[in-house]
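Okay, structure first, notes after.
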Amino acid sequence: MSARSTAYSVGESSTRTKWIAAVLVIGYALVAMIPLVWIGMTGFKSPPDSIAYPPKVFFEPTLEGYVNLFTTRSRQTDEYIESLGPPQTWYDELVRERNMVITGPSRFADRYKNSIVIGFGSTFLAVFLGTLAAYGFSRFKVPLKDDLLFFILSTRMMPPIAVAIPIFLMYRELGLSDTALGMILLYTAVNLSLAVWLLKGFVDEIPREYEEAAVVDGYTRFQAFYKVVLPQMRSGIAATAIFCLIFAWNEYAFALLLTSGEAQTAPPFIPIIIGEGGLDWPAVAAGTTVFLLPVVIFTVLLRNQLLRGITFGAIRK
Amino acid sequence: MSGGAMESVADAAARATPKRMAGRLRGLSDRAIAWLFISPTIVLLLAINIFPLLWTVYLSFTNYRANQPGREVKWIGTRNYERLLGSEDVWGYMQATAHFLVWTMVLQVVIGLGLALLINRGFRTSGFWTTVILIPMMLSPAVVGTFWTYLYQPQTGIFSYIINTFAEVGALNMIGSVSLAPWAIVIVDTWMWTPYIMLLCLAGLRSIPPYLYEAAEIDRANALQKFWYITLPRILPFLMLAVLFRGIENFKMFDMVVELTSGGPGSTTELASINLKREAFEKWRTGYASAFAVILFVTVFGLASIYVKALNRVRS
C-alpha cells in the first residue's frame with residue numbers, strides 16, 4: 001500500500017514499481033524496434049533468404065541487396081559470361097554468381113541526390129524566409145498578426161493531394177513540372193508554416209532589451225537583428241532546419257504526383273525497385289536503410305528539441 | 001552572404017536618412033523592416049497556398065479535366081458537389097477514413113499515455129529508451145508503408161510468424177484480406193505514431209508540480225484518485241493537442257496507406273485522400289476531385305475549429 005500511495009510522487013517511486021515500469025517500457029521499445037532491425041537485416045540477405053519460410057533470423061550476410069540497389073543487371077547465358085573473362089570487381093563477381101551482368105548504374109543514386117538537393121534547398125529557403133518573418137512577427141506590430149499566423153498554420157490542413165491538383169496545373173503552365181526548382185519552392189512553402197511558428201517561439205524567448213541596448217549604442221535595426229538576435233537564435237535555427245529537412249526528405253505525395261523522371265526524390269522510387277519476379281526485397285530493404293539512417297541519426301541528435309518541433313512550437317519543454 | 005546584403009541595405013537606408021528626421025523615421029523604418037521581413041513569406045504562401053486553393057474552389061464548379069487541356073471548360077454549378085454528396089462510394093471512403101481515424105487515436109492514446117506514465121517513474125536509462133521509442137515517428141511514412149508490406153507477407157513475413165508463435169492462427173494475409181486490411185493500416189500507424197502521443201503526455205506529466213501529489217498524500221488520496229483528480233486534468237490539454245495534430249494528419253492520411261494497401265482489397269482501405277488521388281490523377285476528373293478536396297478541407301477545418309473550442313475550455 002505504501003508503495004502504491006507514493007506511486008505518483010515525482011522521484012519517489014518505489015524500487016519495485018520502477019522495475020516494473022522499466023521492464024514494460026524496454027519491452028515496448030524492443031518490440032517496436034523489430035521492424036527496423038528486420039529491415040536492416042534484410043538488406044544483407046540474399047533474395048532467396050529474404051523470402052524463406054520460416055523467416056531466417058540467422059543467415060549468411062551478402063552485399064547483393066546493396067549491389068542490386070545501385071546497379072541494373074541483365075541475365076546472360078553461361079557462354080556469354082565466360083566470354084567476358086574473369087570478373088573485374090567484387091560486385092561483378094557477386095552478380096555473376098546469379099548469371100547476371102551489370103549493365104550500368106541504377107537510378108537510385110540520382111534519386112538520392114535529388115532528395116539531398118531538394119531537401120537542403122527548400123530547408124535553406126524556408127529557414128531564411130522563416131527567420132525574417134518570425135522576427136517581424138515577434139518584434140513589430142503587424143496588422144492582423146494573429147490572423148496571419150493562423151492562416152499560415154491552416155495551410156497545413158489541406159490534404160496534400162488537394163494542393164497537388166492546382167500546383168500540377170500551375171507548374172505545367174510555368175514549366176516547373178518535374179524540376180528541382182519547382183519542388184524546392186513547393187517544399188519551402190509547406191515548410192514555411194512550421195518554420196515561422198517554431199522560429200517565432202525562439203525569437204520570443206530572446207529579451208528585447210538586448211536589441212534596444214544595441215540600438216542605443218548606434219546600431220541600426222538591421223544591425224541589431226543581424227549582430228545581436230541572429231547569433232542567439234543559432235540553436236533554434238539549427239533545430240528548425242533539421243525539422244524542415246526531415247519533412248522534405250520524407251515527403252511523398254507531391255513527389256509522386258509532380259515529378260516523374262528528372263526531379264524525382266527517393267521515397268516514390270524505393271517502392272518500385274523491381275527484381276526478377278516481383279519486388280527485389282533485399283534491394284528495397286537496402287534502399288530503405290540508406291534512406292532512413294540519416295533521419296534516425298538526426299532524431300537522436302535532436303531528441304531534446306523534438307517536442308517543440310512536432311507541436312509547431314506549441315509546447316516548448 | 002545574405003546577411004551582409006541586408007546590412008548594406010540598412011547602411012544605405014541609414015545614410016540616406018537626414019538626421020533631423022531620424023526620430024520620426026525610426027518608427028517608419030521599423031514598419032518598413034517589418035514588411036520587408038514578412039512579405040516574402042506572405043507572397044510565397046499566397047502563390048503556393050492561397051492562389052491554388054482559390055483555383056481549386058473555382059475548378060470544383062467546372063467539368064475541367066487536366067488530361068484534356070484543349071477541351072472547353074464548362075461551368076456546371078454545384079453538380080460536382082451534388083454528385084459527391086449523393087454518392088454511396090464517397091460515403092464508404094469517409095467511413096473507412098473514420099474507422100482509421102478513430103481506432104488509431106484510441107489505440108495511440110491508450111498506449112501512449114500508458115508508456116508516458118511508466119517512463120515518468122524515472123527508472124535509470126529511461127531517457128535512452130524514450131529516444132529509441134521515438135524513432136519510428138520521424139521516418140518517411142511512404143517508406144514505412146513499403147517495408148511493412150514485406151513484414152506483412154502472409155507466408156514469409158515476420159509479422160504473421162511472430163503472431164503464430166503465440167497463437168496458431170495460420171498465415172495472416174494482413175493486406176489481402178477484407179477483414180484484416182483495415183486493421184493492418186491501424187497497426188502500422190499505431191506503431192509509427194504512438195511515440196508522438198507519448199511525448200506530449202510526458203511533457204504534460206512534467207508540468208505537474210510535485211506539491212499537488214504531496215497535498216493529496218496528506219488528504220490520504222489513493223493512487224486512482226490521484227490519477228483521476230490530479231494527473232488526468234493536468235495532462236488533458238497536452239493529450240488533446242496531440243490528438244488534434246494527429247487527427248488532422250490522419251484525416252489527410254495518404255502516403256503510408258497508399259504504399260501499404262493502395263486502398264485495397266477492393267476499396268476496404270480506400271481512405272478519402274487515396275480516392276481523391278484516384279479521381280484527380282488516374283481518372284483525371286479534375287473538377288469533381290476539386291469539389292471533393294473542398295469538402296475534405298471544410299470538414300477538417302470545421303472539426304478542428306470545434307475541437308479547438310473544446311480544447312480552450314479544458315485549458316481554462
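Please verify whether region A:176-185 includes one or more residues that are of a type in the set (S, T, N, Q), more than 21 Å from the chain's Cα centre (by Cα) and under 23 Å from B:Tyr58 (Cβ atoms). Yes, region A:176-185 contains a residue that is of a type in the set (S, T, N, Q), more than 21 Å from the chain's Cα centre (by Cα) and under 23 Å from B:Tyr58 (Cβ atoms).
The selection criterion, being basic (Lys, Arg) and either free of Cβ contacts under 8 Å to residues at least 60 places away in the same chain or within 23 Å of A:Ser106 (Cα to Cα) (or both), holds for A:Arg303.
Just checking, does region B:260-271 include any residue being over 30 Å from B:Leu54 (Cα atoms), within 11 Å of chain A (Cβ to nearest Cβ) and either free of Cβ contacts under 8 Å to residues at least 12 places away in the same chain or not polar (S, T, N, Q) (or both)? Among the residues of region B:260-271, at least one is over 30 Å from B:Leu54 (Cα atoms), within 11 Å of chain A (Cβ to nearest Cβ) and either free of Cβ contacts under 8 Å to residues at least 12 places away in the same chain or not polar (S, T, N, Q) (or both), which makes the answer yes. Any residue that is surrounded by 14 or more Cβ atoms within 10 Å (Cβ to Cβ) and of a type in the set (Asp, Glu) - is there at least one of those in region A:78-101? Yes, there is a match, as at least one residue in region A:78-101 is surrounded by 14 or more Cβ atoms within 10 Å (Cβ to Cβ) and of a type in the set (Asp, Glu).
Return yes when B:Ala272 is aliphatic (A, V, I, L, M), under 22 Å from the mean Cα position of the chain (by Cα) and modelled with pLDDT of 90 or more and no when it is not. Considered against the rule, which asks whether it is aliphatic (A, V, I, L, M), under 22 Å from the mean Cα position of the chain (by Cα) and modelled with pLDDT of 90 or more, B:Ala272 comes out as yes.
Mind listing just one residue for me: the one in region A:277-314 that is within 7 Å of chain B (Cβ to nearest Cβ) and of a type in the set (Phe, Trp, Tyr) and, of those, farthest from B:Thr194 (Cα to Cα)? For region A:277-314, the residue satisfying everything is A:Trp281.
Residue by residue, here is whether (1) facing another protein chain (nearest Cβ under 10 Å); (2) hydrophobic (A, V, I, L, M, F, W, C); (3) more than 24 Å from A:Arg111 (Cβ to Cβ) holds:
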site: A:Phe44; (1), (2), (3): no, yes, no
site: A:Pro55; (1), (2), (3): yes, no, yes
site: A:Thr71; (1), (2), (3): no, no, no
site: A:Ile81; (1), (2), (3): no, yes, yes
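Scanning region B:284-316 for residues that are crowded, with 16+ Cβ neighbours inside 10 Å, farther than 30 Å from B:Arg71 by Cα and small (Gly, Ala, Ser) gives a single hit, B:Ala304.
If we keep just the residues of region A:90-136 that are of a type in the set (D, E, K, R), over 29 Å from A:Leu199 (Cβ atoms) and in a helix (DSSP H, G or I), which is nearest to the other protein chains (Cβ to nearest Cβ)? Per the criteria, the residue is A:Arg111.
Looking only at region A:210-265, which residues are more than 10 Å from chain B (Cβ to nearest Cβ), more than 30 Å from A:Arg172 (Cβ to Cβ) and of a type in the set (D, E, K, R)? A:Glu211, A:Glu212, A:Asp217, A:Arg234 - these are the residues of region A:210-265 that are more than 10 Å from chain B (Cβ to nearest Cβ), more than 30 Å from A:Arg172 (Cβ to Cβ) and of a type in the set (D, E, K, R). For region A:191-210, the set of residues classified as over 31 Å from the mean Cα position of the chain (by Cα) and touching a residue at least 60 places away in the same chain (Cβ under 8 Å) consists of A:Arg208 only. If B:Phe51 satisfies all but one of (1) within 9 Å of another protein chain (Cβ to nearest Cβ); (2) surrounded by 14 or more Cβ atoms within 10 Å (Cβ to Cβ); (3) modelled with pLDDT under 75, what's the number of the condition it fails? Result: B:Phe51 fails condition (3) only.
Output the helices (runs of 4 or more DSSP H) that fall wholly within region A:153-218 and possess 1 or more residues being surrounded by fewer than 19 Cβ atoms within 10 Å (Cβ to Cβ) and touching a Gly at 6+ places or on another chain (Cβ under 9 Å), or say none. Outline the logic, then answer.
Working: elements: A:160-174, A:180-204, A:208-216.
Output list reads A:160-174, A:180-204.
Just one residue in the set B:Ile38, B:Ile50, B:Ile42 is touching a helix residue (DSSP H, G or I) at 6+ places or on another chain (Cβ under 6 Å) and assigned to a helix (DSSP H, G or I); that residue is B:Ile38.
Of all residues in region B:87-95, at least one satisfies being at pLDDT 85 or above, of a type in the set (A, V, I, L, M, F, W, C) and under 23 Å from A:Leu257 (Cα atoms). Condition (residue is among the charged types (D, E, K, R) and either in a helix (DSSP H, G or I) or away from chain A (no Cβ under 12 Å) (or both)) applied to region B:87-103: is it met by at least one residue? Within region B:87-103, one or more residues are among the charged types (D, E, K, R) and either in a helix (DSSP H, G or I) or away from chain A (no Cβ under 12 Å) (or both).
Candidates B:Val169, B:Val106: the one that is in the same structural domain as B:Phe254 (by TED's automatic domain parsing) and out of contact with any helix residue (DSSP H, G or I) (no Cβ under 8 Å at 6 or more places or on another chain) is B:Val106. Of everything in region A:238-281 that is small (Gly, Ala, Ser) and buried (at least 24 other Cβ atoms within 10 Å of the Cβ), the residue that is nearest to A:Thr179 (Cα to Cα) is A:Ala255. Look at A:Leu94 and say whether it is within 23 Å of A:Gly40 (Cα to Cα) and without any contact (Cβ under 8 Å) to a residue 60 or more places away in the chain. Taking the combined requirement at face value, the residue satisfies it.
Given the criteria touching a Gly at 6+ places or on another chain (Cβ under 8 Å) and modelled with pLDDT under 90, does A:Gly11 qualify?
Against the criterion (touching a Gly at 6+ places or on another chain (Cβ under 8 Å) and modelled with pLDDT under 90), A:Gly11 qualifies.
The number of residues in region B:127-165 being facing chain A (nearest Cβ under 7 Å), among the hydroxyl-bearing types (Ser, Thr, Tyr) and in a helix (DSSP H, G or I) comes to 4.
Which residues, taken from region B:104-125, are of a type outside the set (A, V, I, L, M) and within 7 Å of chain A (Cβ to nearest Cβ)?
B:Arg121, B:Gly122, B:Phe123
Conditions tested, residue by residue: (1) buried (at least 21 other Cβ atoms within 10 Å of the Cβ); (2) facing chain A (nearest Cβ under 8 Å); (3) in contact with a Phe, Trp or Tyr (Cβ under 9 Å, 6 or more places away or on another chain).
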| site | (1), (2), (3) |
| --- | --- |
| B:Glu168 | no, no, no |
| B:Leu199 | yes, yes, no |
| B:Pro209 | no, no, no |
| B:Ile230 | no, yes, yes |
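Which of the residues that make up region B:252-269 are closer than 23 Å to A:Ala266 by Cβ and modelled with pLDDT of 90 or more? Of everything in region B:252-269, those that are closer than 23 Å to A:Ala266 by Cβ and modelled with pLDDT of 90 or more turn out to be B:Lys252, B:Met253, B:Phe254, B:Asp255, B:Met256, B:Val257, B:Val258, B:Glu259, B:Leu260, B:Thr261.
The values are calculated or read from the model by the stated rules, or taken from the named source; none is laboratory data. Just so we're clear, the structure is a prediction, and the values are computed from it rather than from any experiment. Methodologically, a virtual Cβ is constructed for each residue, glycine included, from the backbone with ideal geometry; neighbour enumeration extends over all protein chains shown.
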